[in-house]
Structures are given as C-alpha cells and as structure tokens.
Amino acid sequence: MPLEGGLDEIPLSDLIHLYCSGRHTARLTLSFPDGEAHLYVERGDLVHAQFGSLTGIRAVHALLSRTGGVFHVEPDVVAGQRTINERWDAVIIRGAKAMDDERMGQLRVADIKQAAGGETRGPARSLRVAGRDEKVMRAVAPSPPSRPRTIPTPPRGRDPRIFIIGAAAALLIGAGVVYFLLRGRSVAPPPAPAPVGPLTMGMSAPLTGPSKELGRQMKLGIETSFALANAGGGVSNRLLSLVALDDGYEPARTKETMQELLEKRKVFAIIGNVGTPTAEVSVPYSIDKRVLFFGAFTGAPLLRREPPDRYVFNYRASYAEETAAVVRYFIEVKGIKPAEIAVFAQQDGFGDAGFAGVAKALRKYGLPTDAILRVGFKRNTLDIQDAVDAVLRNRRTVRAVVTVAPYRPAAKFIEKLRDARVDALISNVSFVGSSALAEELRQIGPKYSSGIIVTQVVPPIDSASTSVLKYKEALAKYFPGEKPDFVSLEGYIAATIFVEGLKRAGPNPTTDSVIAALEGIQGLEIGIGTPITYGPSEHQGSHKVWGTMLNEAAQYQLLDLD
C-alpha cells in the first residue's frame, strides 16, 4: 500500500518487510540531503536498488545505515532490471550484521584508547557509552607523587640483573592488571532493539473471475484504512499489512488459500473475506486454528450463531435484516401482496441465506415458505435463462423480485426481464456490488437501471458523513484514480473498527487480547450514523440497513424503506 513519511519514524528495514511480505510491486524512493535512492519490489521480491554509484545489495546495505531522510512509495512500478538475487530477508540480516560488526569495531578502538589514557598522567578522562544518556564511566590517572622516589638497590650477594628483570616483570604485570581492570569497567553498548515487523493480516477473496470486482474493492477499502493507520505510526509502532490471495469465489480453492495464509504466511488475523460459499470453508478452518475472522463481506447466518463463535466478528447487517427491510417496504409501502414476491438466488449457501431471510420475513405476513417462487442459477455462471423463463410463466402474479446474486448475473437477469417487459420491482442485497451493478446497467441503457433497488450496509457514498468524508480523502491520497465504491467503503469501515480493536488490545496484541478489546467496544462512534457495539454475546457491530435506488443515469439515490 502506498506510504510516505520519515525514515526516522519507519525504518527502511520495516518498509522492505512490509512490501515484500505483502507480495506487493512498488518503487520506494528515499530522499536525503545528498541525493536520492530507489529500491524496487516486484511481487514480494527485492529485485533492484540504486544509491549513487552503488547498486544491488551494496546499495541496500549502505541505505540501512543512513538516518534521517524521507520516503515515498509508488505502487506497481517495476525496475526493468535485476541486481539483487538473494531473498530480501537475507539481505537485511547481512546488512544488520555488517552494521553490528562495524559498531563493535569502533567500540574496541574506543576501549583501547580509554585504557591507554588511564596509564598516563593527565586530567580525568570520561568514556561515554553510546545510547546511555548521562551514563559515564570515569578512568582516573594516578595522582602525581608528593616526594621523589628512590630506586631500591638489590640485596648484597644477589645478581643485580636478576633484580632488574624481576622489577620489569612486576611492572608489566601491573600494567596488564590496570589495563584489564579499566577494560572491565567499560560498559558494552546496549544491543540495538530488534526491528518490530509489520502486523500482517490475511484475506481470501475472488480476485479473478466474474466476481473479481467484489474482492478487489474489499481489498482496496481495507488497504486504504491500513494506509491511514500506518501514516499515523501504525499500531504500537507496527505497520499494518494485508496479504490477499485469490480463491476465485470457489470453496475448493478457499481451503488452499486459507492454509497458505495461516500455515505458511502466519498471518495474525483474517479480515474481509468475500462470500458465503467460501465462508463455509474458511470460518470453520479459522475457528479450528483459533485465528480471528473479522469483517467478512457476507451477511450469512453461518457467521452469526447464537451465542456467537468466539473468533468470528462481523461489521455489517445480516442478509436476514436486509431482506426483511425490503420485504417490509414492498408490502407496507408499495402495497404488494406477500404471494407476489419472488426470489432470484444463486444456487449455493449465499442464495440459500438470502432466500431464508425472505422466507422468514414473509412468514410474519402469513405466507409459508413452500408458497414462495424461487428461481436461480449456478455460481460463477451467467446461466440465468431458466430463471427468466420461470418468472415469465408467472408474470401475472410476480410484482416484485428479491435478487440474491453478484453484479454480473444480477444485471443479466434485470436486462432479460426488462426486455420481456416484466413490470416488477427488483431489489438486490448489498453483496451484489452496487457500483459494479450500476456500471453494468449503465452500459446496457437507461431503461434498465431506473428503479432498481439495492439495500446497503454502509452509508451512501455521496454522503457527507464524517466517516465517508475521511474514506474519500484517504482513498484519493493513497489510491489516486480509484472511485468511491460501496464495497470498498465497507472494507474501509470494517478495517477501521478492527484497527480500533488492535489499539485497545495493548502494545503486544494477541488473538485473545484483541477479542477482549473488541468485546469491550460499546457505542463506538465512527461517523456512519449508527454506533458500533460488540460484547461477549454480540459479535455483529452494526444492524443498520440503508435503502438506495438507481435512476436512469445509473446513479444511486437514497430510498426511505420505512
């Protein structure tokens, strides 16, 4: 994620660790009074460095010893050449060892000079130990004699040469004792504190395939929040980083990504995973490994058990809450009968969760579950014709459809119904990916977007609320060119709450301390129009649902659902 700041606050070794462990691609520019340096990271490998006439590892080692200066990071910039062929961590370790050897060499020279100064006449000498303020060891030279000394003569009958040799030996031994006493009194410098590495979180999400925009936007929002936190020094002087792996929105691949994140990458927590069918794999795995699973992009009941699973925390309202809000709107505001509401749902755990929410809401109006028309499609496909045909066969009795699908099949379904002149209200749950859906419909034409409803679990992105304004400002600063989006806003809000939990967990956060900190959050105001509250029996921070509706220009307008 892009950063800028001072090297005295965030050491170069931490920056290299952050971008390499996160498998990023970026150029790090370091600016000093005497010139600039550039380091290049490509997909987690430190590949090139240039500092004056130095290149490669020599340039990195020279830069590790520099103080002061500022840094700036440009994401997705490649070097075009490779001068470093060792692992980044080995390069840093060798550089740190070279710096330690140099410091120890300087210390030995200082010790010898100090000891020599103690054997000669002169004023008191002081040895100041680096890094220990006001810790001064003094070696005092002997006082000058008060009267002349006479040299003793050897006893009679002894060889004077033996006496002279003995006296010389005594002087040498005495000098040696003084030297080692003085050397022993010198204090070794304290070891340099080991650099504290970034606190790395993991994410499994679709970064390719038909639902890739959901994963990309969720990742973008989390990284925006982390970048904002890192600009303020991180959490307890530890930078926050995110490792996002592509599961393609397929449960089979999710098992592999979760194993990679937890067993190989050793991430601290999982944040922002995308999808219900994938959660059916990732949630039990995280619970089994006792790893915190926070802020997933799903409203499924799997993540909302009573009492809640200890390691699972949600930010957003559930699908049951979203569908209940829109069913109530259809019946009580628009006057549609319960039997006139159909469901278009993906044929998996996601669709089942959305349909269950609709069924629960309709039961309150006296409609049994088996009386609801449900049509659907297979995950990661656009095979929606059978669903369209089923609605057309019931077009006289279908006046509203609750859609539980990602943006591409949802847009295709809407297009087909509008082309068939089905005059029914169509709503979508938040997982659809609001901005992506709007763009799909905009490309088809104005008649397709007009009147399409989407329930949201975040405030509208055109809101002037505190949190939305902070999100937009951070997004523009750290990811220029990216447009505000409902999904990335959700990632940003979830990550912001997570960071608050980390801060409350103390200087050395553990899974248990973060859980305790999160469960202690009561009425946290982050500026979204509803307070965030957790507790031992409440692991969902928000229950708020917003209504939005697209106009002919495919722009969202706030819709009052009550």
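The values are calculated or read from the model by the stated rules, or taken from the named source; none is laboratory data. Treat the numbers as computed from the prediction; the structure is a model and nothing was measured. Please note: Cβ atoms are built from the backbone with ideal geometry, for glycine as well, and neighbour counts cover all protein chains shown.
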Quiz item: Name the pairs whose Cβ atoms lie under 8 Å apart, with the first residue in region 372-384 and on the phi < 0 side of the Ramachandran plot and without any contact (Cβ under 8 Å) to a residue 24 or more places away in the chain, the second assigned to a loop (DSSP other than H, G, I, E, B) and of a type in the set (Phe, Trp, Tyr), and 6 or more positions between them or separate chains?
Solution: none
Quiz item: For region 485-523, what are the residues that are closer than 23 Å to ALA26 by Cα and either out of contact with any Phe, Trp or Tyr (no Cβ under 7 Å at 6 or more places or on another chain) or outside any helix (DSSP H, G or I) (or both)?
Solution: SER488, GLY491
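Rundown of residues vs (1) of a type outside the set (Ser, Thr, Tyr); (2) closer than 25 Å to ILE10 by Cα; (3) at pLDDT 85 or above, yes/no style:
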| residue | (1), (2), (3) |
| --- | --- |
| VAL73 | yes, yes, yes |
| ARG82 | yes, no, yes |
| ASP89 | yes, yes, no |
| ALA96 | yes, yes, no |
| LYS113 | yes, no, no |
| GLY117 | yes, no, no |
| THR120 | no, no, no |
| ALA124 | yes, no, no |
Exercise. Would you tally the residues in region 200-213 being within 14 Å of GLY248 (Cβ to Cβ) and either surrounded by fewer than 24 Cβ atoms within 10 Å (Cβ to Cβ) or acidic (Asp, Glu) (or both)?
Key: 6
Quiz prompt | Residue that is nearest to LYS412 (Cα to Cα) [pool: residues in region 353-377 that are among the basic types (Lys, Arg) and out of contact with any strand residue (DSSP E or B) (no Cβ under 8 Å at 6 or more places or on another chain)] | solution = LYS360
Self-check item: Total residues in region 347-387, condition within 38 Å of the chain's Cα centre (by Cα), among the hydrophobic types (A, V, I, L, M, F, W, C) and more than 14 Å from ALA405 (Cβ to Cβ)
Solution: 3
Practice problem: Might you let me know whether region 540-561 holds any residue that is loosely packed, with under 15 Cβ neighbours inside 10 Å, modelled with pLDDT of 95 or more and over 30 Å from ILE331 (Cβ atoms)? | Solution: no
Practice problem: Taking only region 507-562 into account, find how many residues are more than 30 Å from THR403 (Cα to Cα), among the polar types (S, T, N, Q) and without any contact (Cβ under 8 Å) to a residue 24 or more places away in the chain. | Solution: 3
Exercise. Scan region 475-487 and give yes if some residue there is surrounded by 22 or more Cβ atoms within 10 Å (Cβ to Cβ) and farther than 25 Å from ALA325 by Cα, otherwise no.
Key: yes
Practice problem: Working carefully through the options ILE336, ILE341, find the one that is surrounded by fewer than 24 Cβ atoms within 10 Å (Cβ to Cβ) and over 22 Å from SER211 (Cβ atoms). | Solution: ILE336
Practice problem: Take region 45-61 and flag every residue that is in a helix (DSSP H, G or I) and either acidic (Asp, Glu) or crowded, with 16+ Cβ neighbours inside 10 Å (or both). | Solution: GLY56, ILE57, ALA59, VAL60, HIS61
Practice problem: Find the residue count for region 15-44, including only residues that are buried (at least 20 other Cβ atoms within 10 Å of the Cβ) and under 18 Å from ASN230 (Cβ atoms). | Solution: 13
Quiz item: Restricting to region 478-496, what's the tally of residues that are within 13 Å of the chain's Cα centre (by Cα) and more than 17 Å from ASN314 (Cα to Cα)?
Solution: 0
Quiz item: How many residues does region 500-512 contain that are of a type in the set (Ser, Thr, Tyr) and buried (at least 16 other Cβ atoms within 10 Å of the Cβ)?
Solution: 1
Self-check item: Which listed residue, of LEU437, LEU441, is under 30 Å from ILE526 (Cα atoms) and either charged (D, E, K, R) or outside the structural domain of LEU220 (by TED's automatic domain parsing) (or both)
Solution: LEU437
Practice problem: Scan region 25-43 and give yes if some residue there is among the small types (Gly, Ala, Ser), under 27 Å from LEU262 (Cβ atoms) and touching a Pro at 6+ places or on another chain (Cβ under 9 Å), otherwise no. | Solution: yes
Quiz item: Residues ALA296, ALA324, ALA279: which one is assigned by TED's automatic domain parsing to the domain that holds VAL404 and of a type outside the set (D, E, K, R)?
Solution: ALA324
